[in-house]
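Here is the structure we will look at.
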Amino acid sequence: MRLELTLQETAHLRHCLTEALARHERGHADEELKNLFNKIVEAEARSTRQRTCPVCQQLFTQETVGRTGRYCGAACKQKAYRQRRDKAMRRYGPHFS
Ligand SMILES: [Zn+2]
């Protein structure tokens, strides 16, 4: 079974599991619960760090959390800029700057 969750739902679920695991702290936490928790942390990390570059369609890993670069690198960023500029040129003519 595949389950699709939004990032917000995933964060909520992780929070609930963290509390559930904390309650088990004295005894030994349920292995299944631990596995589930790890799966969620992993899925969350993947979805927040990996993006698809809109230019080359490559999946890339975000270097830093917070600042979000849309492109996999400087080359694709440049290419996207040129594409936007060319599109504007075609629409508004060569005098557009
Ligand atoms: Zn790219």
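Read-outs: derived from the displayed coordinates by stated rules, not from any lab. Remember, it's a predicted structure, so these values are computed and weren't measured experimentally. Reconstructed Cβ throughout: ideal geometry from the backbone, glycine too, with neighbour counts over all protein chains shown.
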>> Could you tell me the relative contact order of the chain? Use alpha-carbon pairs under 8 Å, at least six residues apart, and round to a whole percent.
In response: 16 percent
> Where in the chain lies the longest segment free of GluC sites (Glu not before Pro) that are both loop residues by DSSP (not H, G, I, E, B) and have at most 14 other Cβ atoms within 10 Å?
Replying inline: 26-62
> For the charge dipole of the chain, defined by +1 on Lys and Arg C-beta atoms and -1 on Asp and Glu C-beta atoms about the Cα centroid, which residue among Leu59, Cys16, Ala43 has the Cα displaced farthest towards the positive pole?
Replying inline: Leu59
> Gln57 versus Glu32, label points 7 Å from Cα toward the beta carbon: distance in nm?
Replying inline: 4.1 nm
> Where does the longest stretch of the chain lie that holds no trypsin sites (Lys or Arg not before Pro) found in a DSSP loop with 10 or fewer other Cβ atoms within 10 Å?
Replying inline: 27-66
>> On C-alpha positions alone, give me the angle between the axis of helix 74-92 and the longest principal axis of the chain, in degrees, nearest 10.
In response: 50 degrees
>> Per 0.36 nm of contour for each residue apart, how much would the distance between Ala88 and Arg2 grow if the chain were fully extended, relative to their Cα-Cα spacing?
In response: 26.7 nm
> Summing -39500 (n - 2.57) over the DSSP H runs of n ≥ 4 in the chain and dividing by its residue number, what mean residue ellipticity at 222 nm do you reach, to the nearest 500 deg cm²/dmol?
Replying inline: -19500 deg cm²/dmol
> Per-residue HN-Hα couplings for segment 35-43, Karplus 6.51 cos²θ - 1.76 cosθ + 1.60 at θ = phi - 60°, whole Hz, x for Gly and Pro?
Replying inline: 4, 4, 4, 4, 4, 5, 4, 5, 4
>> Give the aspartates and glutamates whose C-alpha is closer than 20 Å to that of Lys77, dropping any in the same chain fewer than 8 places away, or say none.
In response: Glu63, Asp86
> Taking only the alpha-carbon positions of the chain and ignoring solvent, what does the Debye formula give for the base-10 log of I(q)/I(0) at q = 0.13, 0.19, 0.22 Å⁻¹?
Replying inline: -0.66, -0.95, -1.08
